[in-house]
Each structure stands twice: as C-alpha cells, then as structure tokens.
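As structure tokens, the structure follows; a few thoughts come after it.
The values are calculated or read from the model by the stated rules, or taken from the named source; none is laboratory data. Quantities reported herein were computed from a predicted structural model and do not represent experimental measurements. All Cβ positions, glycine included, derive from the backbone under ideal geometry; neighbour counts span all protein chains shown. The area values use the complete protein model at the heavy-atom level, side chains included, leaving out ligands, DNA and RNA. Shrake-Rupley method; radii C 1.70, N 1.55, O 1.52, S 1.80 Å.
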Amino acid sequence: MAHAAKLGTNLTGVQMSPKDTERLLDAVNDIHPDVPGDSAGMMAERAVRTAEADRIGSVPIPGSAKGMLKSSFDMMRGKSPEVLLDKMGERLAYERNGVRLYDAMIAKVKGSDTPDSALIGTLQHIRDEEYEHMMLVAKHIETLGADPTAQTPCADVVGVLGLGPLQVITDPRTNVEQCMNALLTIELTDNAAWELLIELAEAGGHSNIAKDFKHALDQENDHLVKVKTLMRRDLTAQVK
Ligand SMILES: [Fe+2]
C-alpha cells in the first residue's frame, strides 16, 4: 500500500478537455431528464415518508432478574430513564465498533510499505482502551438492571453512522493518512458523546456511573490528541 497522494493520469477534472466541457455544457441545456420532478419534489416526498414512518426500535424494559439480584443495582430514576439507557446502548455499540476499526487500522499499518512499530503500539493502546470502555458501559447497563445485549435505537443508528469510516479503513486501497482521517471523525464524535453521557448520568441521579465515565472521557481526550498529532505529523512531513 502506497502512502499519501501521488501525481498521475487523473481524468476527472473538466480542465483535462476544454472542448468536451463545452459540449457537456451545451448538452445540459439541450437534454432534459426523462423523469419529471426536481429536488423540491424529492424534499416533499421525503417529508411524506418521514411523517408516515414508525420509529427505529425501542428501549427494552429494564428490571431483569439478573440485574435486580446484583448488589450494585442502581434503581432507574428520573423522568425518562430510557433516554439514558438508549444512549448507553449507543456508546456500547460505538466502542465495540471502535475496537474493530482500530484492529482494521493496525492491519493497514502492518500492510504498508514501511510498517511503523511505534504507530502500531499507539493504535493497540487506543484499541485496548476502546475495549475497556465497551466493557465498562456493558457493566453499567447491568447496574441499571438492563440487558447490555439488547440493541437500543441509538445503538442501531450509530451502527449505520459508523459505516463510512469502516468502509474507508477496510478498503485495501486507502492509505494510513486517509484512514487516520476516518479515525479523527470517530474520535471527535466519541469525545462529544462521552461528555453528553456523563451529563445524562448525572442528571439521572447516577453519580457513581458518571464518575466511571469521566475516566473514560479522559482517555478519549488522549485518543483525540494522539490521532490529531499523528495525522499532522505524517502529512506535514510529506509537504515539507
Ligand atoms: Fe476513542
């Protein structure tokens, strides 16, 4: 796998052929779509479908026998405890996806022209912390008497959201720098999400859970700094 950008026979830009560009612009005026409608019609149709649609899944009712029996059982309280549970399910799914993304990234670096063992070590460290976070959230879902194996609606949504970075990193043609950009997207979202989760846990009256989550947020801040630094270092070294 090659690193970064390379000059080549890229034919996608219009400047490659001014004559064809002129013909293309003429064709835009002469040839009309054979399907009626425009973007306004699409917007109207989407609004109709949205109004008709049902919601994406539901939050399972907590209070499982296993959860109830645990000594650390922390009663669900607050006005809408399912909101916290839904977001905890989201974090669990996201961290699980994070483990898989970092595993794929480690394979990417190992397959590069110049495998960097220090970089592999850093990625492994972050990967292991994502795994810890996943287990931490699973534990606290059980603390609330709920089932960590259930997929909540927000967990479903972040699974879809993470598909872009997953496709970028697992595409054998993408290089380390391009994949680092995908990880940056993941880590920025991760940071904001942990901040919100801590606020929700505190608002729901679960200060012990919030305390554990603060430790995860500290580690997530470190992930963000590491990914940003690696990206900057690699790319500026190539430009200089
Ligand atoms: Fe992270």
Largest fluctuation, ASP30, ASP54, ASP156 only, Gaussian network model of the chain with Cα springs under 10 angstrom, belongs to ASP30
Out of ALA146, ALA40, ALA93, a Gaussian network model of the chain with alpha-carbon springs under 10 Å gives the largest mean-square fluctuation to ALA40
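Sorted by packing (mean other beta-carbon atoms within 10 Å per residue), highest first, where do 102-115, 8-21 land?
Values: 102-115: 15.9, 8-21: 8.4.
Top of the packing list down: 102-115, 8-21.
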Links exceeding 30 Å between C-alpha atoms in this model, out of LYS87/LYS110; LYS19/LYS108; LYS110/LYS214; LYS6/LYS226, come to LYS87/LYS110; LYS19/LYS108; LYS110/LYS214
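Note the full-extension length gain between SER117 and VAL14 as 0.36 nm times their separation in residues minus their Cα-Cα distance, in nm to one decimal.
On the way: separation 103, 0.36 × 103 = 37.08 nm, distance 4.19 nm.
Separation in residues times 0.36 nm, less the Cα-Cα distance, equals 32.9 nm.
Ranking request for peptides 117-128, 194-205: highest mean number of other beta-carbon atoms within 10 Å first, then the rest in descending order. Could the numbers behind the result be given before it?
Working: 117-128: 15.6, 194-205: 17.7.
With the highest mean Cβ count within 10 Å placed first, the list reads 194-205, 117-128.
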Expressed as a whole-number percentage, the relative contact order of the chain with C-alpha contacts under 8 angstrom and at least six residues apart is 26 percent
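Is there a quick way to get the dipole size of the chain? I mean about its Cα centre, with the Cβ of Lys and Arg at +1 and of Asp and Glu at -1; what is the value in debye to the nearest 20? Spell out each step's value before the answer.
Numbers: 26 positive and 36 negative charges, 106 e Å.
Using Cβ point charges on Lys, Arg, Asp and Glu, the chain gives about 500 debye.
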Measuring from its Cα centre, region 123-240 shows a charge dipole (+1 at each Lys and Arg Cβ, -1 at each Asp and Glu Cβ) which, in debye to the nearest 20, is 520 debye
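Would you kindly work out the equivalent ellipsoid of the chain from its C-alpha gyration tensor and give its semi-axes, the square roots of five times the eigenvalues, largest first in whole Å? Write down the numbers at each step before the final one.
On the way: eigenvalues 339, 173, 36 Å².
After diagonalising the Cα gyration tensor, the semi-axes are 41, 29, 13 Å.
Given a 1.4 Å probe and heavy atoms of the protein chains only, how would you sort CYS179, CYS154, largest accessible area at the top? Please report the intermediate quantities before stating the final value.
Numbers: CYS179 0, CYS154 30 Å².
From most accessible down to least: CYS154, CYS179.
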Mean-square fluctuation maximum in Gaussian network of the chain, Cα pairs under 10 Å, restricted to ASP26, ASP116, ASP147, hits ASP26
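Summing Lys, Arg as +1 and Asp, Glu as -1, what charge do residues with Cβ under 12 Å from the Cβ of ILE61 carry, ILE61 excluded? Before the final figure, lay out the partial values.
Working: positive: none; negative: GLU82, ASP147.
Within the 12 Å Cβ shell, the charges total -2.
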Note to self: C-alpha centroids of region 1-55 and region 117-132 sit apart, in Å, by 40 Å
With only helices counted (DSSP H, runs n ≥ 4, each -39500 (n - 2.57)), the per-residue ellipticity at 222 nm for the chain, to the nearest 500, works out to -23500 deg cm²/dmol
